[in-house]
Amino acid sequence: MHGLSGKSRYVTVDGINIHYVEAGQGSPVMLYHGLASAVFTWRGNMTALSRHYRVFAFDVLGHGDSDKPDVDYYPWDVADVMGKAAGQLGLSKAAVIGNSAGGALGMMMAIKYPDLVSSLVLVGSSGLGKEVPPFIRLLSLPFVGNILQSHRLGGTRQMLQSVFYDRSKASQDLVDEMHRIRSMPGAKEAVVRTLRRTVNLRGVRDEFVLSDRLSALGIPIMLVWGAQDTMFSVSHAYRTSKLMPAARLEIFDQCGHWPHMEKAEEFNTLALDFLSSY
């Protein structure tokens, strides 16, 4: 299972069950994973963060142990569901930490629900540039996505290794958990449909490049990136930092797309320092 310290719970939004893990007391912090992933990616962060905050790690709609309804997974609609889930839990003025597509989700939630999000930590985040690897663009094509999104165990291991600079971080228990959540009924469809709504052959669709909308939010933002991120180049972070000089920028060397996992101790120190500053 996910391996997080905390209690597994569900909140229901319009008949859809959203899974989350909760731990700690204090001001709320919400964690959002990336595409084709789940709450297990926060296993190195939950304990450290929950010593100081009330932490909610969510399985995003269509992922992990959340429901996978037969919908088109238009990202703004997903943001609406996840925002309503937070509202059902009585959350407001929460810090959001989002990795990859979870970062873009956090940005969209801040835009749609300004009273909900008090600050953003964007970790190797999508939504800050059009450029994505060729295989991601190919996945957006009809039929190709269905073929390439195979949930064979070997494919799962290969995918996990690609998010780390140090491939040994793709341990067997991580491979097993990733394989479990990717093999669930409806999981592959959710990923492929999300990709097709978000990406085309030219890269990320313009409506999901949100960097020029961040300043208007008027909230503290920290960008955290792995220098060797092969999913979303570190150039996205540098470019966004120039657009938003007030945003804090932290780059981890010898680190890939999941710095919160690959450099968990250093990430936790950074995140706690940032969160305690506001």
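Data for the structure
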quantity	calculated
Verdict on G64 being within 29 Å of E265 (Cα to Cα), part of a loop (DSSP other than H, G, I, E, B), touching a residue at least 40 places away in the same chain (Cβ under 8 Å) and of a type outside the set (S, T, N, Q)	yes
Residue pairs meeting the criteria (Cβ under 7 Å; at least 6 apart or on separate chains; first more than 13 Å from G124 (Cβ to Cβ), in the range 234-246; second in a loop (DSSP other than H, G, I, E, B))	R239/G129; S241/A247
Cβ-Cβ under 9 Å pairs, at least 6 apart or on other chains, the range 111-130 side closer than 13 Å to S211 by Cα, far side basic (K, R)	I111/R213; L128/R239; G129/R239; K130/R202; K130/R205
The lone exception for Y238 - which of (1) among the aromatic types (F, W, Y); (2) closer than 23 Å to A79 by Cα; (3) surrounded by fewer than 22 Cβ atoms within 10 Å (Cβ to Cβ) it fails	(2)
Selection count, the range 224-278, where residues are part of a helix (DSSP H, G or I), in contact with a Gly (Cβ under 7 Å, 6 or more places away or on another chain) and of a type in the set (D, E, K, R)	2
Among the residues listed as F232, F274, F208, the single one being crowded, with 17+ Cβ neighbours inside 10 Å, within 18 Å of the chain's Cα centre (by Cα) and closer than 17 Å to I97 by Cβ	F232
Filtered residue count, the range 1-57, keeping only those that are of a type in the set (S, T, Y) and either assigned to a loop (DSSP other than H, G, I, E, B) or buried (at least 24 other Cβ atoms within 10 Å of the Cβ) (or both)	7
Qualifying residues in the range 79-93 (those that are touching a residue at least 60 places away in the same chain (Cβ under 8 Å) and crowded, with 24+ Cβ neighbours inside 10 Å) - the one nearest to V121 (Cα to Cα)	M82
Residue count, the range 199-221 (criterion: of a type outside the set (A, V, I, L, M), modelled with pLDDT under 85 and more than 13 Å from M107 (Cβ to Cβ))	5
Answer residue from the range 166-184, given it is polar (S, T, N, Q) and not in a helix (DSSP H, G or I) and is surrounded by the fewest Cβ atoms within 10 Å (Cβ to Cβ) among those	S171
Test: residue in the range 78-97 that is in contact with a His (Cβ under 9 Å, 6 or more places away or on another chain), in a strand (DSSP E or B) and either among the aliphatic types (A, V, I, L, M) or at pLDDT below 95 (or both)	yes
Unique residue being in contact (Cβ under 8 Å) with a residue 60 or more places away in the chain and within 16 Å of R193 (Cα to Cα) when the list is Y74, Y53	Y74
Top-ranked residue in the range 185-206 [being part of a helix (DSSP H, G or I) and charged (D, E, K, R); ranked as farthest from V71 (Cα to Cα)]	D206
Condition met for V121 (at pLDDT 95 or above, under 14 Å from Y32 (Cα atoms) and within 12 Å of the chain's Cα centre (by Cα))	yes
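The values are calculated or read from the model by the stated rules, or taken from the named source; none is laboratory data. Bear in mind the structure is a predicted one, so any value in this text is a computation, not a measurement. Glycine gets a Cβ as well: all are built from the backbone with ideal geometry, and neighbour counts include every protein chain shown.
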